[in-house]
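To keep things clear, I will list the structure first and then write my remarks on it.
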Amino acid sequence: VGILFQLMLLFFCLSLGSAVGQVTYSIPEEMSKGSLVGNIGQDLGIDVKRLKSGKARIYTEDKADYIELNADRGLLLVKERIDREALCGQTTPCALHLQITLEDPIEFYSVTVEVIDINDNVPTFQKEEMRFRISESAVIGAKFVLERAMDLDVGINAVQGYSLKPTDNFILKLHNQQDGSKNVEMVLQKPLDREAQNHISLTLTATDGGEPKLSGAMRVDISVLDANDNAPVFTKKMYKVTVPETAPKGTILSTVSATDADEGSYGNVLYSIANTLDYVPSIFQISKENGVVALTGSLDYEKAQLYEIHVQASDDGGLTDSCKVIVEVTDTNDNPPSINIMSKTNSVTETSKPGTVVTIFNVQDPDSGENENGIVHCYVNDNIPFVLKSSTNNFYSLVTDNELDRERASEYNITVSCSDEGVPSLSSSVTLTLQISDVNDNAPVFDRSSYEAYIVENNTPGLSIFTVKATDADWNQNARVSYILEDSSVNGVPVSSYVSVSADSGVIHAVRSLDYEQIKYFQFRVKAQDGGSPPLSSNVTVKIRIQDQNDNPPQILYPVQTGGSVVAEMVPRSADVGYLVTKVVAVDVDSGQNAWLSYKLQKVTDKDAVKQRLTVIVEDNGQPSRSATVIVNVAVADSFPEVLSEFTDSPHDKEYNDTLTFYLVLALAVVSFLFITCLVGIISVKIYRWRQSRILYHSKLPVIPYYPPRYSDTLGTGTLQHVYNYEVCRTTDSRKSDCKFGTAASQNSSFKSSTAFVISTQ
Ligand SMILES: *[C@@H]1O[C@H](CO)[C@@H](O)[C@H](O)[C@H]1NC(C)=O
Ligand SMILES: *[C@@H]1O[C@H](CO)[C@@H](O)[C@H](O)[C@H]1NC(C)=O
C-alpha cells in the first residue's frame, strides 16, 4: 500500500506542478486513526515554520471531520475512520475536499483526498428467502425474476456474479439493464413434477469481485403447484372374478382401484362402467366413489358365460384410465332337463313284436354339458313292458320290451323321467298314455262247459227255455258275440225244428210244443262266434230235458172196451172166496207220479144173482189227476151159454160182434202185410237209421198184452146179483200172474206204470 500511495502522490505532484496550491491524495477507506494521508509541507512546498506561523488550518465543507493537519510536521493524518460507503455511497470517485488556509499572508491551498474503496462489504439480499408457487405445468423457458443482491462496495468490489444451486430445474439468467445493473432471473429448463418433488429449495448466491471475494446468499423456495398432469391409473389392468350364476342381486364382485397422483380434484377419481354396446350396464353397477363392482341384474350361465366390464376411472380434469373386469359365470344346476317328444304313437297293437318303437324323444339340459349339471339320464317306470334305448346326442327311443296283451292291460301310463347329475339333481318327467289296440286273439268263452235245461212238455211254441252266455275278452267288434245253433238232428229231424237260438242274446227258444211222451231228452251244440276278422268261435253242448205233464189219462188195456160187445167174466157158482175173477189192466203213458195209477171199485148197489156190473175207476197221481173207468161184467153161472143168454138179449149186439170179428181179421191181415214190408224197409235203411231207430225203440210204449178173445164188454149193461168183497191185488206187470193181496179195506191204491187190478171173489 505504501508503494501505491507513493506512486499516486508522485503522479499528483507532477500533474499539479504548475498549479501551485493544490494537491490530491488517495487513501483507502477504513484507515486507522492517525494514518498518514500526505505530507503537505513537502508536497505544497510550504515550510513547516510557515505552517506554524501562518496558523495553518483545515477547512472542510463536509461536516465530517475525517482528516486533521499536523502542522508541526506538515502532515495530513486520518482523524476519523473513513467509511467510503457512508461517505459516498455508490458515488465514485469518493473525494474529500479540504481547504488549508494560512494567515500572514493569507494563502489557500486545496487538498483533495480521494477515498478508495476496499472490499469491506458483503453482497446482501434484502430477504432471507424468496417464495415461489410454480405450477408443475409451467413450460420450459418460464422466467422468474429474483432479487438482486446489494453490495455497498463499488466497482470491482460490488456484486459481480450470481449462482443458483442446485441447477436441476432452473438456470440463472442475468440481463444487463440499461443502468448497468443486472437483472437476475431464473429460467425453467426442465419441467417440474409435483408428484416427484413438490418443493424445491434453491440457493441464490451473489459474489463480488473483491479480493478476497465476498458472497451473500438467499434461499429460493419453490412450491410446485399441481396440474392435472396425471391420469388416474388402475392398480391392475384386469380384474378377474368368478361368480356362480345364482348369485343374488347385490353381490359384490370386485373392487377396482385407480390412483391419481394429482392433488385435490385432479386427483379425485370417479369410476364408471364404459360399456355402451352391450347389456353389461344393466347387470353390473360400479360405485362411483369407491370402485365396488356389484351385481344388479341376474346372471344366466346358459346365456352368457363371460362378461367384460370396461371400467373407466376419471379425474376432474377429464383424464381417464380404464381397466377390465372379467366376470366368469360358473354353472349352477339351475335348469331341469327338458324332454322334447319328437314322434309319438298313441296306440300299438297287442301283437306288436318286442322292440316296436313307441316314442322318440330327446332331452336337453340347458346347464353346462361339460359338467354333471348337464349330464342327463332317463328312465321309465318299472313293471311295464317298455324300455328306453338311448342313442347318441341324447336321443332316446321308447320301445316295447315284451309281448303286449290288451286283455291284461289296455293302457299304459309310461312315465319317462330324466334327471341330471347335479347336486342336488334336477329332474323332469312326462307321462305318455299308450293305448294297446285290440286284435282278435280271444275266442268267446261260454260261462259253463255245458248246459242242461228243463222244459215242461206242452209248452207254447216260441217259449224261451234259457240263455247261454259267452264272453269275449277282446274289445268292441272283436268281442261282439253271436250265437249260432249248430246243425244236428234229433230223431232224424233237424234240431232247428225243435229249438232256435237268438243270435244276439243267446236265448234258446222252443220252436214247437214238445211232447214228453215222444221225446224226453235231446242235445245240440251252440256256437259262439265273435265279430273279428277272421272270427274266432267256441261251442258248447246244451242238453234239454223235457219234463212230464199229466196230459194223458190212464188207458184201460183190459178188459177191452169195445162199442157194443159184452164181455163178461164168468164166475162159477162154486167159486170160493178168493177166486180170481179178472184183471183190470191199465197203463199211463205219462211218467213218474203222472203214471202212478190207482184203482177203485165203485160200490155196487145192484144185487143180481147172475150178473153183476162192476165199475172200476183208474186214476193217475198227477196234478190234477186224470182217470178212466172200466165196467167189468161178472156172470155167475155154471155154463157159458147160460151166461151168454144172460148178456146177449138183443140181436143188435150179435150183429155188432160179427162186424167186429170181421174187422179184427182184416186188421190182422193188414198188420201182417205191413210188418213184412216194414221189415224189408228197416233192413235197407238200418245203416242210416240204426241209432234213431234204437231211440225210437226205447221210447216205445209197452207192448199191448194179449187179451183173451172170449171176453166182451158189456159197457153200461147188466148187474151182478151179489155183494162181493174185493181184494186188491197189485202187480207191476199185468202180464205176470203173481200178485200181492192187500187188506180188504184198502180199495184205493196207486201203482206205478201199467198196473193190473185183480178182482177176486171173497
Ligand atoms: C293313466 O292316467 C290317467 C290319467 O291320470 C288315468 O285316468 C288312467 O287310469 C291311468 N291308466 C293306468 C293304466 O294307470
Ligand atoms: C266244438 O268245440 C270243440 C272243442 O271244444 C271242437 O273240437 C269241435 O270241433 C267244435 N265243434 C264244432 C262243430 O265247431
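The values are calculated or read from the model by the stated rules, or taken from the named source; none is laboratory data. Quick caveat: nothing in here was measured; it's all calculated off a predicted structure. Reconstructed Cβ throughout: ideal geometry from the backbone, glycine too, with neighbour counts over all protein chains shown.
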- Message: Cβ-Cβ under 8 Å, sequence separation 6+ or interchain: first residue in region 397-414 and more than 21 Å from F361 (Cβ to Cβ), partner in a strand (DSSP E or B) and within 13 Å of ligand 1 (Cβ to nearest atom). Which pairs?
- Response: D405/I436; R406/I436; A409/I436; S410/Q435; S410/I436
- Message: Out of everything in region 534-557 that is in a strand (DSSP E or B) and not polar (S, T, N, Q), what residue ends up being nearest to ligand 1 (Cβ to nearest atom)?
- Response: V540
- Item | Residues that are closer than 30 Å to K237 by Cα and over 17 Å from the mean Cα position of the chain (by Cα), drawn from region 324-349 | K324, V325, I326, V327, E328, V329, T330, D331
- Note on the structure: Conditions (1) modelled with pLDDT under 90; (2) within 16 Å of ligand 2 (Cβ to nearest atom) -> T562 fails only (2)
- P534 vs (1) within 16 Å of ligand 2 (Cβ to nearest atom); (2) at pLDDT below 95; (3) surrounded by 16 or more Cβ atoms within 10 Å (Cβ to Cβ): all pass except (3)
- Pair list, Cβ under 6 Å, 6 or more apart: region 155-181 residue aliphatic (A, V, I, L, M), other residue modelled with pLDDT of 90 or more and in a loop (DSSP other than H, G, I, E, B): V159/P123; I171/Q189
- Note on region 147-198: residues of a type in the set (S, T, N, Q) and under 28 Å from D262 (Cα atoms) are T167, N169, Q189, Q197, N198
- A careful count of residues in region 297-317 that are assigned to a strand (DSSP E or B), of a type in the set (A, V, I, L, M, F, W, C) and farther than 29 Å from N230 by Cα gives 1
- Check on D321, touching a helix residue (DSSP H, G or I) at 6+ places or on another chain (Cβ under 9 Å) and touching a residue at least 60 places away in the same chain (Cβ under 8 Å): no
- Item | Yes/no for A409 being more than 17 Å from the chain's Cα centre (by Cα) and not assigned by TED's automatic domain parsing to the domain that holds F522 | yes
- Under 6 Å between Cβ atoms, at least 6 apart or on separate chains: pull out the pairs that start in region 513-534 with a residue that is assigned by TED's automatic domain parsing to the domain that holds K469 and end on any residue that is within 14 Å of ligand 2 (Cβ to nearest atom) and assigned to a loop (DSSP other than H, G, I, E, B). F524/S488; R525/E486; V526/V468; K527/E486; A528/P444; Q529/P535; D530/P444; D530/L536
- Selection over region 59-99 where residues are in a strand (DSSP E or B) and either surrounded by fewer than 16 Cβ atoms within 10 Å (Cβ to Cβ) or in contact with a Leu (Cβ under 7 Å, 6 or more places away or on another chain) (or both) yields a count of 12
- Looking at (1) surrounded by 17 or more Cβ atoms within 10 Å (Cβ to Cβ); (2) in a loop (DSSP other than H, G, I, E, B); (3) free of Cβ contacts under 8 Å to residues at least 60 places away in the same chain, find the lone condition where G210 falls short. (3)
- Task: Please verify whether region 510-524 includes one or more residues that are surrounded by fewer than 18 Cβ atoms within 10 Å (Cβ to Cβ), within 14 Å of ligand 2 (Cβ to nearest atom) and either over 60 Å from the mean Cα position of the chain (by Cα) or at pLDDT 95 or above (or both).
- Result: yes
